[in-house]
Amino acid sequence: MNRHEGVSCDSCLKNNFRGRRYKCLICIDYDLCAACYETGATTNQHTTEHPMQCILSRSDFDLYYGGEALALEQPQAYTCPFCNRMGFTDTALMEHVTAEHADTTLAVVCPVCASLPGGEPNFVTDDFAGHLTLEHRTGPRDLISFLISFS
Ligand SMILES: [Zn+2]
Ligand SMILES: [Zn+2]
Ligand SMILES: [Zn+2]
Ligand SMILES: [Zn+2]
């Protein structure tokens, strides 16, 4: 399964590009290819200040990690949509958001949902801490079976 299928870069408009994808966690449905991300593409809504989630496709993941650590879930380092800190695991992100951003009511795109195969790529919530606790506390594998059982 190619995770980037159907995704086009919102700056250079390249379709189904290979390599890393960067998804804005503030703008709805704004994705950049690695080249546009690195050159700092902006729109009148999107700025380089916006936190972006890096999403690897399965084949890129195998490429980067040489086929090691072939867990069923795609390992991801999550970006905090509020303060732009990167490199969280899902559990660490939950702890961080609960501790630092529990009172924040800014609507953001959930980086965990966006990164999960079969997840909702543009799930927006204004209660991110609550959403993490409710939906992602049990880990990705359980979330997937949860999503499947309701689809
Ligand atoms: Zn591009
Ligand atoms: Zn943006
Ligand atoms: Zn944060
Ligand atoms: Zn989510």
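The values are calculated or read from the model by the stated rules, or taken from the named source; none is laboratory data. As the structure is a prediction and not an experimental result, all values here were calculated from the model. Here Cβ is always computed from backbone atoms with ideal geometry, including for glycine, and neighbour counts include all displayed protein chains.
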Hey, Ile26 closer than 18 Å to Tyr78 by Cβ, more than 12 Å from ligand 2 (Cβ to nearest atom) and in contact (Cβ under 8 Å) with a residue 40 or more places away in the chain or not: no
In the stretch 90-138, the residues that are farther than 27 Å from Gly6 by Cβ and in contact with a His (Cβ under 7 Å, 6 or more places away or on another chain): Met94, Ala129
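For (1) in a strand (DSSP E or B); (2) at pLDDT 65 or above; (3) within 16 Å of ligand 4 (Cβ to nearest atom), each residue gets a yes or a no:
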| position | (1), (2), (3) |
| --- | --- |
| Lys23 | yes, yes, yes |
| His46 | no, yes, no |
| Gly67 | no, no, no |
| Gln74 | no, no, yes |
Condition check for Val112: of a type in the set (Val, Ile, Thr), within 10 Å of ligand 3 (Cβ to nearest atom) and without any contact (Cβ under 8 Å) to a residue 40 or more places away in the chain: no
Residue, farthest from Gly87 (Cα to Cα), within the stretch 35-47, restricted to residues that are surrounded by fewer than 16 Cβ atoms within 10 Å (Cβ to Cβ) and within 14 Å of ligand 1 (Cβ to nearest atom): Thr43
